[in-house]
Every structure is written in structure tokens, then in C-alpha cells.
1. Taking into account only those residues within the range 607-626 that are aliphatic (A, V, I, L, M) and modelled with pLDDT of 85 or more, which is nearest to Ile199 (Cα to Cα)?
2. Check whether at least one residue in the range 341-360 is open to solvent by 10 Å² or more (accessible area, probe 1.4 Å), of a type in the set (Ser, Thr, Tyr) and out of contact with any Cys (no Cβ under 9 Å at 6 or more places or on another chain), and report yes or no.
3. Quick test of your reading of the structure: Gln402 fulfils all but one of (1) surrounded by fewer than 24 Cβ atoms within 10 Å (Cβ to Cβ); (2) at pLDDT 95 or above; (3) out of contact with any Ser or Thr (no Cβ under 6 Å at 6 or more places or on another chain). Name the failing condition by number.
4. Criterion first (of a type in the set (A, V, I, L, M, F, W, C) and at pLDDT 90 or above) does Ala483 satisfy it?
5. What about Arg604, is it of a type outside the set (A, V, I, L, M, F, W, C) and within 30 Å of Ala197 (Cα to Cα)?
6. Find the residue count for the range 64-74, including only residues that are exposed (fewer than 15 other Cβ atoms within 10 Å of the Cβ) and either in contact with a strand residue (DSSP E or B) (Cβ under 8 Å, 6 or more places away or on another chain) or β-branched (Val, Ile, Thr) (or both).
7. Any chance the range 371-385 includes a residue that's open to solvent by 10 Å² or more (accessible area, probe 1.4 Å) and not aliphatic (A, V, I, L, M)?
8. Among (1) among the hydroxyl-bearing types (Ser, Thr, Tyr); (2) free of Cβ contacts under 8 Å to residues at least 60 places away in the same chain; (3) farther than 28 Å from Lys392 by Cα, which single condition is Ser436 missing?
Amino acid sequence: MNQLWLIPVLPLAGFLLNGLVALVSSSARAESESGADQPGAPLPYAQRLFHGIVGVGSVGLAAVLSFAALVPYVLGSMAAPEGLAPVVQTVYTWMAAGDYTVDVAFRLDALSALMLSFVTFVGTLIHVYSVGYMQKEEGYGRYFSYLNLFMFAMLTLVLANSLPLLFVGWEGVGLCSYLLIGYYYDKDFCAAAGKKAFIANRVGDFGMVLGIFGVFALFGTADFSFVELAKRHVLAGNAPLGVYAVCLLLFLGACGKSAQVPLFVWLPDAMAGPTPVSALIHAATMVTAGVYLVARCSALFVLAPDALTLVAWIGAGTAIFAATIGLAQNDIKKVLAYSTVSQLGYMFLACGVGAFGAGMFHVFTHAFFKACLFLGSGSVIMSMHHEQDMRKMGGLAARIPQTFRTMLVATLAIAGVFPLAGFFSKDMILGSAAASGHWALYAVGLFTAGLTAFYMFRLVSMTFFGTARGDAHAHEHAHESPATMTIPLWILAAFSVVAGLLGVPAALGGSDRIGRFLEASVAHPEIHEMSHGLEIGLMLLSLGVAVTGLVWAWRWYGRATGPVEAVSPQAHAFFEKTGSLGRLVANKWNVDEGIEALFLSPFRKIGTFLWRGFDALFIDGIANASAFLVELLGDLLRFFTTGHVRNYALAFTLGFAALVAYVWLR
């Protein structure tokens, strides 16, 4: 385990190498007179091979080193009654001020081990998938260099032993999201989506920075030793308000990064980037950082129970809010985007009721089935010649059978169908809410589970079942994706089935291995135990709700033969009956319009006034008036500059006489 520092460094080396070669190649192509630099022209095969090998190889080697470190640590931790002590490796001292130092140090404990396992594994699969998906893109090298930089930033965030170093990775993934979401920078909506993600995250990051300063004020340190101090209630005096403030500030940062209400608006627009980027952001890296932060600081959050309650309700509200929007989306990637926002709400709901282990378990299982769904959507989009509107699809199950089967498995997993991965992690969250007495939160989570099953099977039905709609030529020429894309899909689908076995509860004969593994790294507020009978009953209820959602979606969309404008007559009639509410849901609750009206438009008007009214008239007016007066004075004085000595002598004599008269009269 002495190679922890190499795990993030390898993707960084891939970024530098790929970026340098891409930069040199771009300069050479720009100077070429052959016309090879025209937009859309793919790179030569040899160069694409180089970028693919470096991009995939660097992350793949990081994954190998990760598992070389994880296997002995996990086995030792499971064997030890209280788990193994964290492994901390200091590379060098980054900052020093008086007696306080900040080290570049990496930490391996149960929490970082869990994150490291799926970040590197799923990240490697997404890189492999990208080789096939991006092969015809002009910016192939630039893409892989950004993707490698993204992995470096996320691995730094996960392995950091202090909040300042974690913040470096935190800002790094924010930068990479901006670069990758706006990858097609020549398209206005892509550039706008990248800026939207960057600005929305800056709002949360402002809270994050203040929260880090608050942690230092409370504990005298910002490395993760403060977690043990929080467990022992060793604070800088009796500062309950300070604890609440710090928790809320850190949670504001988490809301920005993990797209919770009200800072969720950037994530659906992140679909503007290439589909593998969406998979990386939504499944394996950036959006999980907020949940990870709350779980990492769980010992601090349990000292502020009201803050935890707020976390739970923000999570629950986000879960159901995003799920309702997902019901009416027709862009296949937008459905998955709002699904991610909703599932992140589930994770925060778990943390809010004190079930930090359950929240992290859902982060783990979600990584596999959501990555499979996004990469599967990329396969669908490629087969349909970059069509993303599900109303123009249908009947693709026979055309792209491997994509269909893997997406079906992942859909059943996210819907919470037994015994797939999502069933165990979702029910662990619902069970924790019920066991802690938060029955209102349980009801919200249960209803959201039904909505999730409905809109996800709606996606599958509209895409793969029914009759072909839209462009007949695109349907006739739809074909399965290459092996570089389908093999990662099958691997992710397999993990969508088996990953939940790590958290089988005692009520079903399991031992909740993942919960026991995480015990040493997360706080454990008191949650009352439920009887096995009640627990199984709640599981059957949630399974019944999920099946109801699946059946309902099948009845409405499974045999859809209607026109593109109204795929399902039943759904069309339902939204017509709901009137303005249905239109509001279809228009995403007018959130973007509300933000425009309440914040952007007023500030834009204020900025325009300060520019044209204050700066142009007042500031520029003073500067221009000063210049005019100087110019006028110069024009007047130039009449006294004749070049004749007699005139100067006369002026001197008159001036001297005036001075003598003034002195005499005084």
C-alpha cells in the first residue's frame, strides 16, 4: 500500500502526455495546407491508437494499483473486529504557517476504499467505451486528456487526508466538468451548459470554502483527524451554533456538487457533452463527491441534528421533485439526468436520517447501473445517427439486442426489483428512514420509488418496444455498437445484478457486509432496530410499488404505435386532464424560467445600469471631463506661447510688478 500517491498521478501523467501530443498535432494540422484541419476531420489511426492506449492505460494502471492496495486492506478490515486503522501516506508539506501545516497526504480507510473501488473500475470501463464512441471525433486527443484530468481530480478528492487537499480535487472536477460539458465549444448550447455548470458550482463552493475555515476554527486543524475530535466532542469551546453553521456551509457545497435543490439546474444541461462524459459525471465521479463529503464529515453532522434533518428533507424533496420531471422528458439523456438528481436525493435522505452507510451503499450500486444506462443510451444514440428523442425511436430491441438487454437489467436494478443491486441499497435507505421514525420521509421515498420504476420503464418501452417511429432510414440502418462499447455494458450490467449482495440484510439471511465494513469510517447515531417481520413487510411493499410502476409504464408505452407527437394516447390523455399541472411538469416546473425571472434578469438589469448609467455616464464622464478641461486649459495657454523674448520679458516684468504690489499692499 506504499503506492497510494501513484494512483492519482498515473491519470495526471496521461493528461499531460495526451494533452501535449494533441496540442502539437493541432498546431501542425492548423499549419497544414492539405485541408486536414477542417472541422469534423478525424485523426489518423496511429494517433487515435496512441491517445486511446495512453488514456485507457493510465486509468487502467491506476485501477490495478487501487485494487492491489484495496484487497489486503479490505480483507484485513473484515477480519479485524473493529476494522483496520486508516493508512496515511504523506508525500510532502504543501503549506506551513506557524505551527500549522497542510500536507499532501493520501488516506486509505473504509470510506475512501469504497469510493476508490468503483471510481477506478467504472472510470476505466468508461474510457474503454470512449475508444469506440469517440473514434470519429476531431478532438480525440483533447477528449482523452480532459477525461484523464477528470480522473486525477476525482482520485485526489477521494484519497485526500485533509479538507484543503480534498478541495483541490473538488475544484478540479468542477473545472473538468466545464471543459467536458462544453467539449463541443463551437455549439452555443454546449458552451452555455458548461458555463452554467461552472457558475452553479461556484455558489456551492463558496459555502465549501467557508465550511473548511469553520472546521479549522472549531478543531484547530483541517485534516481528517478532526473527525475523531468530533466523535469525542473536542471542540474549541462550547460552540453549538458554530457546528450548525459549519455543517450547513459544507452541505451547501455538497448541494452544488451533487445537484440538490436549489442548485440542481446545472446537471440536466450537462447532457450537452459526449455521452461517456455524462456517464462519468453522473455515475462514477463528480456528483458522488457531495455525498462522500457529508459521509466523511458524518461525526460533525451528528452534533447538529437539526442540520441533519434539513439534509434529509432537502434530499427527499430533490428525489421526488426530479422524479416528477423525469416523467415527461422525451430526450433519453435528460430522463437519465433527472434520474441521477433523484437518486442523489435518496442518498442525502439516507445521510439525513443518520444512515450514512446506507447512503454510501447506494452511491456504490448506483455507479454500476447508472453508468450502464448512460453508456447504453450512447449506444442507442449512435445507432440512431445521434437522435435523442425517444418519440422518434421504438422497435430497437431486435436491432441492438445487446444494448437492449443490458439496459433492461440496469433499468430493473434502478427500479429496485429483487434481487438486483438497487433493491438492496434502496430498501436499506427506506428501512433506515422507517427505523429512525421518519415515516413522512419514508412515504416520500416510497412514492419516489414508484415514479422511478415508471419513468425508467417508460424509457425502455419508448426506445425498444412498440413500432418504429421517426426517420425510417435511421431505423433501417440501426446496428449494434462495436465490442469496445458493448463489453463495458455487459460488465456493468453484471455488477448491477451482483453488487447488492454486499449489503444483504440479516432479515434475508445476510450479514450486511458493507455496513460492517464502513462502521469505522462513518458515524452511527442511534437508530432503533426493526423486527425482521416488519423489515420484510416493508421490502415487499416497496417491491410492490416498483412492480406497479413497471406495469403501469408497460401498459401506457409498451405497445406504443402512435405518432411522434403523442406516443401514448393514455399518457397524452392523462397530461391533458391534469391541465396546467401536467404542462408545468412537462416544462420542468419552470425552474429555469423562475431563476431567470428572480435572479438572472434583475442582476442583468442592475449590471446594465451600472455599465451604461454609472460607469459610462459617471465614471467615464469624470474622466472625459477632466481630459476636456486639461485640453481647454492647454488651448488657452498656447496663446501666451509666442516664441518672442520681448513678450516673455514683458510678462516677467508685469508679474514681478504684480508681486511687489501685492506685498506692498499687505
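The values are calculated or read from the model by the stated rules, or taken from the named source; none is laboratory data. From a predicted model like this one, the values you see are computed outputs, not experimental measurements. Cβ coordinates were reconstructed from backbone atoms using ideal geometry, including for glycine residues, and neighbour counts include every protein chain displayed. Surface areas here come from the heavy atoms of the whole protein model, side chains and all, with no ligands, DNA or RNA. Shrake-Rupley method; radii C 1.70, N 1.55, O 1.52, S 1.80 Å.
1. We begin by selecting, within the range 607-626, every residue aliphatic (A, V, I, L, M); these are 610, 616-617, 619, 622-623, 625.
With modelled with pLDDT of 85 or more added as a condition, the list becomes 610, 619, 622-623, 625.
Details: Leu610: 21, Ile619: 29, Ile622: 34, Ala623: 33, Ala625: 38 Å.
Per the criteria, the residue is Leu610.
2. No, because not a single residue in the range 341-360 is open to solvent by 10 Å² or more (accessible area, probe 1.4 Å), of a type in the set (Ser, Thr, Tyr) and out of contact with any Cys (no Cβ under 9 Å at 6 or more places or on another chain).
3. (3) is the only condition that Gln402 fails.
4. Numbers: of a type in the set (A, V, I, L, M, F, W, C): yes; at pLDDT 90 or above: yes.
Judged against the criteria, Ala483 is a match.
5. The answer is yes for Arg604.
6. Residues flagged as exposed (fewer than 15 other Cβ atoms within 10 Å of the Cβ) and either in contact with a strand residue (DSSP E or B) (Cβ under 8 Å, 6 or more places away or on another chain) or β-branched (Val, Ile, Thr) (or both) within the range 64-74 amount to 2.
7. Of the residues in the range 371-385, the ones open to solvent by 10 Å² or more (accessible area, probe 1.4 Å) are 382, 385.
With the extra rule that they be not aliphatic (A, V, I, L, M), the set shrinks to 385.
Checking the range 371-385: at least one residue is open to solvent by 10 Å² or more (accessible area, probe 1.4 Å) and not aliphatic (A, V, I, L, M).
8. Unmet condition: (2).
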